[in-house]
Amino acid sequence: MTDAVDCDIRQSLDRISSQMRRNYGESLRELSLYVGQDNLLYRLWLGDGVTQMQLCDHLKCEPPTVTNMVKSLEQNGFIYRKRDEQDARIMRIFLTDKGKALEIPVEMKWRQHQEKLLQSISTEDRLILKRLMQQMESNLL
């Protein structure tokens, strides 16, 4: 019985993850963004002028993935790169005004998608779900 339940949970998590990514991806395209780019921008909204390696650490991504995201966001006018004043080997990444203007719309998308996911789930159950998900994440680490 436990094996069947475990398999059902895994499959359910897979379906939820896939559908959320599809829905979220469609929603972000309205802002000319792709899934993952919002998290890169989030890091810059906290404080820009970071290096690509710092973005790799924050996003838990490989350097080529971050390089592609940076190129795309730069082409769309959301960010720009500038050589470090102390060490010309280092490129720092900064937000443009257009990139800064995305903060509120992206945060609204995040909230909308979370509310859709959690609609009709009580506050008590949300707290239990949060605790369980934190435990699952901890288990994976």
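Quick check: anything in the range 108-130 of a type in the set (A, V, I, L, M, F, W, C) and closer than 14 Å to L28 by Cα?
Going through the range 108-130, the residues of a type in the set (A, V, I, L, M, F, W, C) turn out to be 108, 110, 117-118, 121, 127-129.
With closer than 14 Å to L28 by Cα added as a condition, the list becomes 108, 110.
Taking every residue of the range 108-130 in turn, at least one turns out to be of a type in the set (A, V, I, L, M, F, W, C) and closer than 14 Å to L28 by Cα.
With respect to L28, determine if the residue is in a loop (DSSP other than H, G, I, E, B) and under 28 Å from R15 (Cα atoms). Step through it out loud before you land on a result.
Working: in a loop (DSSP other than H, G, I, E, B): no; under 28 Å from R15 (Cα atoms): yes.
In short, no.
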Just name the residue that is modelled with the lowest pLDDT out of those in the range 91-117 that are hydrophobic (A, V, I, L, M, F, W, C) and closer than 17 Å to T51 by Cβ.
M91
Among the residues of the range 32-49, which ones are of a type in the set (A, V, I, L, M, F, W, C) and modelled with pLDDT under 95?
V35
Among the residues of the range 6-38, how many are out of contact with any helix residue (DSSP H, G or I) (no Cβ under 6 Å at 6 or more places or on another chain), of a type in the set (S, T, N, Q) and surrounded by 11 or more Cβ atoms within 10 Å (Cβ to Cβ)?
3
Hits in the range 30-52 (condition: touching a Ser or Thr at 6+ places or on another chain (Cβ under 9 Å) and on the phi > 0 side of the Ramachandran plot)
G36
Sole exception among (1) without any contact (Cβ under 8 Å) to a residue 24 or more places away in the chain; (2) of a type outside the set (A, V, I, L, M); (3) part of a loop (DSSP other than H, G, I, E, B) for R111, by number
(3)
Taking the range 53-79 and keeping residues surrounded by fewer than 18 Cβ atoms within 10 Å (Cβ to Cβ) and either on the phi > 0 side of the Ramachandran plot or touching a Ser or Thr at 6+ places or on another chain (Cβ under 7 Å) (or both) leaves K60, N76, G77
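Yes/no per residue for (1) surrounded by fewer than 10 Cβ atoms within 10 Å (Cβ to Cβ); (2) without any contact (Cβ under 8 Å) to a residue 60 or more places away in the chain; (3) among the basic types (K, R); (4) assigned to a helix (DSSP H, G or I):
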residue	(1), (2), (3), (4)
V106	no, no, no, yes
E115	yes, yes, no, yes
S120	yes, yes, no, no
D125	no, yes, no, yes
Q134	no, yes, no, yes
Among the residues of the range 66-90, write down those that are over 12 Å from Q52 (Cβ atoms) and touching a Phe, Trp or Tyr at 6+ places or on another chain (Cβ under 7 Å).
Y80, K82
Can you spot a residue in the range 94-102 that is closer than 23 Å to L41 by Cα and touching a residue at least 60 places away in the same chain (Cβ under 8 Å)?
yes
Could you please tell me which pairs satisfy a Cβ distance under 9 Å, a separation of 6+ or placement on different chains, a first residue in the range 51-70 that is in contact (Cβ under 8 Å) with a residue 40 or more places away in the chain, and a second residue that is part of a helix (DSSP H, G or I) and surrounded by fewer than 17 Cβ atoms within 10 Å (Cβ to Cβ)?
Q52/P63; Q52/T67
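The values are calculated or read from the model by the stated rules, or taken from the named source; none is laboratory data. Every value quoted in this text rests on a predicted model; they were computed, and no experiment measured them. All Cβ positions, even for glycine, are placed from backbone atoms using ideal geometry, and neighbour counts span all protein chains on display.
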